[in-house]
Amino acid sequence: AQKITQTQPGMFVQEKEAVTLDCTYDTSDPSYGLFWYKQPSSGEMIFLIYQGSYDQQNATEGRYSLNFQKARKSANLVISASQLGDSAMYFCAMRDRTSGTYKYIFGTGTRLKVLA
Amino acid sequence: GAGVSQSPSNKVTEKGKDVELRCDPISGHTALYWYRQSLGQGLEFLIYFQGNSAPDKSGLPSDRFSAERTGGSVSTLTIQRTQQEDSAVYLCASSLGLSNTGELFFGEGSRLTVL
């Protein structure tokens, strides 16, 4: 069955420090995609980073990197040099075809607060 | 416009009334998704369109919920006989499919409040 789990409801990090947001997943589809989205208090959903199941290297986008451990079925987001503007809700998502169609499912989110 | 457009942005209705929420996806995006987000919660999948057909309606909570898509573009989510538990933000997203990363592009949502 498709499943995405984010076990950290809330996280704090000091400005300029790095932070890791956890995400584990489960799927029987060998071909899947993993995504991270940021949702500020304004409510918009902002795409951050993508990792394909067959990608050999961890994805990176600026200060964001995805620590992909396929055997452990984890896809943690690492934010380096945190900024005050990083305070937001972060969602991990997975796309696969377990249900027969390309469905994207989301975790419950982690609320990150960056402290000055 | 360049992004996914949703209307209305806010809707307040009385219990028992019907509501229609509209989504205009990015031009050329064949895949369209509806999600529901209750206050402080994650995103709950409702329905997926590929073109005008809906291969996956498994997330619709009850038969009071329906959706259609016409011309491979605009989609309407209809909630009949609204209940207070329907209060949420309804998010629409579109995608090019599996081109590149295939990420979802989201609209700003329609906030529904049922009194």
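The values are calculated or read from the model by the stated rules, or taken from the named source; none is laboratory data. Fair warning: this is a prediction, and the values are worked out from it, not measured in the lab. Please note: Cβ atoms are built from the backbone with ideal geometry, for glycine as well, and neighbour counts cover all protein chains shown. Note: accessible area is taken over every heavy atom of the protein model, side chains too, but ligands, DNA and RNA are not part of it. Shrake-Rupley method; radii C 1.70, N 1.55, O 1.52, S 1.80 Å.
Restricted to the range A:1-41, and to residues there that are more than 30 Å from A:G100 (Cβ to Cβ) and small (G, A, S), the residue that is surrounded by the fewest Cβ atoms within 10 Å (Cβ to Cβ) is A:S41.
Taken over the range B:59-98, the criterion of being of a type in the set (K, R) and open to solvent by 50 Å² or more (accessible area, probe 1.4 Å) is satisfied by B:R81 alone.
For B:Y48, the criteria (1) in contact with an Asp or Glu (Cβ under 8 Å, 6 or more places away or on another chain); (2) in contact (Cβ under 8 Å) with a residue 24 or more places away in the chain; (3) open to solvent by less than 20 Å² (accessible area, probe 1.4 Å) hold in every case but one, which is (2).
The residues of the range B:39-98 that are assigned to a strand (DSSP E or B) and facing chain A (nearest Cβ under 9 Å), listed by number, are B:E44, B:F45, B:Y48, B:Q50, B:P55, B:D56, B:V89, B:L91, B:A93, B:S95. On inspection, B:T101 passes the criterion of being open to solvent by 30 Å² or more (accessible area, probe 1.4 Å), facing chain A (nearest Cβ under 8 Å) and either hydroxyl-bearing (S, T, Y) or farther than 15 Å from B:S9 by Cα (or both). When restricted to residues that are within 14 Å of chain B (Cβ to nearest Cβ) and either free of Cβ contacts under 8 Å to residues at least 24 places away in the same chain or not in a strand (DSSP E or B) (or both), the range A:25-59 contains 17. Restricting to the range B:24-38, and then to whatever is among the polar types (S, T, N, Q) and within 14 Å of another protein chain (Cβ to nearest Cβ), can you tell me which residue is nearest to B:G97 (Cα to Cα)? Filtering first and then ranking leaves B:T30. Screening A:S99, A:S74, A:S53 for residues that are within 16 Å of the chain's Cα centre (by Cα), among the hydroxyl-bearing types (S, T, Y) and within 30 Å of B:A54 (Cα to Cα) leaves exactly one candidate, A:S53.
Residue selection: B:S110 fails the criterion of being within 22 Å of A:A93 (Cβ to Cβ), open to solvent by 70 Å² or more (accessible area, probe 1.4 Å), of a type in the set (S, T, N, Q) and out of contact with any Asp or Glu (no Cβ under 9 Å at 6 or more places or on another chain).
Of the strands (runs of 3 or more DSSP E) entirely within the range A:60-110, those holding at least 2 residues that are touching a Lys or Arg at 6+ places or on another chain (Cβ under 8 Å) and in contact (Cβ under 8 Å) with a residue 24 or more places away in the chain occupy A:88-96, A:103-106.
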